[in-house]
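This report concerns only the one structure given below.
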Amino acid sequence: MRRVTPALATAGLASLLAVAAFPAQAVPEHRSDSTASGTKAPYEPQQNPRTYQKAPAGFVPVFTENVSRHGSRAATDSEDGDLVLALAEKAGAANGLTAKGRAFGPKVRALQAAMSGVGYGDLSGRGKQELQSTATRLAQRLPGLFATIAKKDEKIDVVSSGQGRAVDSANIYAGTLAERDPELKPLIGATRTDVDLLYFHKAAGGKAYRDYLANDQRLATTLKAITDQPRTHSAARDVLKKLFRTSFVDTLSADDQVAAAQAVYNLYAIAPAMREESPGGKGWGLERFISKRDADWFGYLSDAEDFYEKGPGFADSDITYKMAGVLLDDFFEKVEAKRAGTSDLGAELRFTHAEEIIPLAALMGLPGSTQGATASKPYTYATNAWRGAAVAPLGSNIQWDVFRKGGTYLVRMLYNEKETAFKAGCEPVSKGSKFYDLDELERCFGRTAN
């Protein structure tokens with residue numbers, strides 16, 4: 001989550017106008033469907049496999065491909081814990097800690113020690129389990145496909161962004177498939193790196209996007225308008241007053257209060273991803289130190305930042321997700337090569353990050369990622385279905401399974417392992433079906449002349 005900084009606090013008259021224009025009725029209240037963890041939410045499959053539709057008669061699986069976010073991980077650095085512990089030390093010296101504040105410091109130190117042990121930014125025990133379980137379910141869903149891959153000596157291609165946690169996720173996923181069926185092991189290629197495909201936000205194709213993040217005034221003023229609301233400052237004080245005496249909280253500037261409260265929230269949000277490293281594997285208990293109402297608010301602020309910086313964003317612009325076209329193209333190209341008989345692949349497995357999953361979901365029009373924001377209707381939980389925890393939790397994935405009968409190829413999409421319809425305008429093979437003719441998908445996504 002973006003911290004409140006002097007740079008954010010000095011956006012000038014445009015910021016003041018944006019704050020004034022932000023509609024009071026759009027401020028989200030406490031909602032049962034809001035999620036404190038945002039895109040740090042650990043992964044859970046979204047459908048019981050027993051309820052999947054069967055392929056139409058005569059169709060057999062011939063190919064599968066996915067793109068997966070890495071699994072649950074430690075925080076990328078120690079900044080949040082360091083900030084909170086420094087404040088706790090200062091408050092302790094001034095007799096400014098509450099009873100909860102005295103208990104919070106040891107919890108933070110233990111969590112930081114666990115994250116340091118795992119490696120900042122690296123997969124946690126839970127993350128490794130997520131990848132193993134997801135790979136196991138893939139093999140269980142498509143036993144006939146993997147038997148055919150082994151029989152025909154087809155290949156399984158594994159590719160990652162090249163970042164450590166994505167490489168580790170790829171290796172764990174592929175290794176799980178090999179452990180389940182040793183005949184697959186020689187058919188699984190070594191994990192290769194494709195930065196342009198799976199780290200496009202930092203590659204050449206993301207240049208315009210990076211300029212948007214750095215220089216777009218509308219983005220800066222909108223995020224300031226959302227963050228710098230009375231509710232944020234009230235929530236920040238509520239968070240801090242659980243840990244520090246009011247007299248100590250009052251010594252901090254308003255911006256410092258928000259930054260400190262965000263740090264507390266960030267620790268709370270990452271803790272579930274580190275559950276396996278907690279004492280007894282029972283969790284860290286950080287929910288004691290922040291109310292659900294305040295956690296929901298800071299979760300909303302985190303979601304708002306991701307929405308405008310990576311997701312559907314502004315309704316009149318595709319800058320946040322246009323660059324994901326390279327990944328969508330690759331999905332189509334792999335299926336088209338299979339149909340053309342020019343590919344010996346039985347499976348294509350890709351591993352990446354939220355910065356790629358979120359734009360791809362918006363580009364594809366996946367559930368929750370169909371609505372951009374406007375000046376009159378900015379992003380709020382009350383007016384927009386987008387939630388980071390649903391769109392791109394840790395371990396999130398998009399999968400296409402391909403079925404063939406004669407010269408006809410059908411595609412079924414799973415989004416976080418839930419059968420998911422393609423975007424509006426794409427017609428399935430029959431009403432209510434989750435299977436789509438490849439020719440229809442090519443038409444719907446503008447890959448054919450007609």
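Per residue, what accessible area does the range 296-450 have, given a 1.4 Å probe and all protein chains present, in Å²?
Roughly 33 Å² per residue, with all protein chains present.
Subtracting the Cα-Cα distance from 0.36 nm times the residue separation, let me have the gained length for Asn215 to Lys185 in nm, one decimal.
6.0 nm
Given axes a ≥ b ≥ c from the Cα gyration tensor, I'd like to know whether the range 201-357 is rounded (a/c under 1.5), prolate (a/b larger than b/c) or oblate.
Note, shape of the range 201-357 comes out oblate.
Beyond 30 Å between alpha-carbons counts as too far, so tell me which of Lys54/Lys185; Lys377/Lys431; Lys185/Lys334 fall in that bin.
Lys377/Lys431
How many percent of DSSP beta bridges within the chain run antiparallel, rounded to 5?
Of those bridges, close to 60 percent are antiparallel.
FRET efficiency for Ala385 and Val195, Cβ-Cβ distance as r, R0 = 25 Å, nearest 0.05?
FRET efficiency, Ala385 to Val195: 0.20.
Tell me, what is the percent relative contact order of the chain, built from C-alpha pairs under 8 Å that lie six or more residues apart?
29
If each of Thr448 and Asp122 carries a label point 7 Å out from its Cα toward its Cβ, how far apart are those two points in nm?
5.0
Once the piece of chain linking Ile319 and Lys431 is laid out straight, how much longer is it, given 0.36 nm per residue of separation minus the C-alpha distance between them?
My answer for the length gained is 36.9 nm.
Where the centre of each part is set by its Cα atoms, how far does the range 169-196 sit from the range 333-383, in angstrom?
Using only Cα atoms to place each centre, the spacing works out to 23 Å.
Can you compute the modelled spin-label distance between Ala99 and Thr408, with each label point 7 Å from Cα toward Cβ, in nm?
In this crude spin-label approximation the distance works out to 7.0 nm.
Given the protein chains as shown and a 1.4 Å probe, how many square angstrom of Ser343 are accessible, to the nearest 10?
Estimated to the nearest 10 Å², Ser343 gives 30 Å².
Using alpha carbons only, what's the Rg to Rh ratio of the range 312-397 with Rh from Kirkwood?
A ratio of 1.07.
A 22 angstrom limit on the alpha carbon distance is what I want to check against. Which of Lys128/Lys434; Lys40/Lys322; Lys242/Lys292 exceed it?
In this structure, Lys128/Lys434; Lys40/Lys322 lie more than 22 Å apart at Cα.
Give, rounded to the nearest 20 debye, the magnitude of the charge dipole that the chain has about its Cα centre when Lys and Arg contribute +1 at Cβ and Asp and Glu contribute -1 at Cβ.
1100
Using only Cα atoms, find the angle between the long axis of helix 217-227 and the longest principal axis of the chain, and express it within 0 to 90 degrees, rounded to the nearest 10.
Helix 217-227 sits at roughly 60 degrees to that axis.
List the trypsin sites (Lys or Arg not before Pro) within the range 207-306 that DSSP assigns to loop and that have no more than 14 neighbouring Cβ atoms inside 10 Å.
Counting only loop positions with at most 14 other Cβ atoms within 10 Å, the trypsin sites (Lys or Arg not before Pro) in the range 207-306 are Lys282.
Taking the Cα centre of each part, how many Å lie between the range 71-127 and the range 38-63?
37
State the percentage of accessible surface on the chain attributable to carbon and sulfur atoms; use a 1.4 Å probe and exclude ligands, DNA and RNA.
51
How many times 2.2 N^0.38 Å is the alpha carbon radius of gyration of the range 357-450?
Cα-based Rg divided by the globular estimate yields 1.22.
For the range 32-113, what is the convex hull volume of its Cα atoms per residue in Å³?
So the per-residue Cα hull volume is 175 Å³.
Cα convex hull of the range 231-303: mean projected area in nm², to one decimal?
For the range 231-303, averaging the hull's shadow over all directions gives 5.0 nm².
Evaluate E = 1/(1 + (r/R0)^6) for Ser133 and Glu79, where r is the Cβ-Cβ distance and R0 equals 25 Å; express this FRET efficiency to the nearest 0.05.
0.20
The values are calculated or read from the model by the stated rules, or taken from the named source; none is laboratory data. Since the structure is predicted, the reported quantities are computational estimates derived from the model, not experimental observations. Positions of Cβ are generated from backbone atoms using ideal geometry, with glycine treated the same way; all protein chains shown enter the neighbour counts. Only protein heavy atoms, including side chains, enter the accessible area calculation; ligands, DNA and RNA are left aside. Shrake-Rupley method; radii C 1.70, N 1.55, O 1.52, S 1.80 Å.
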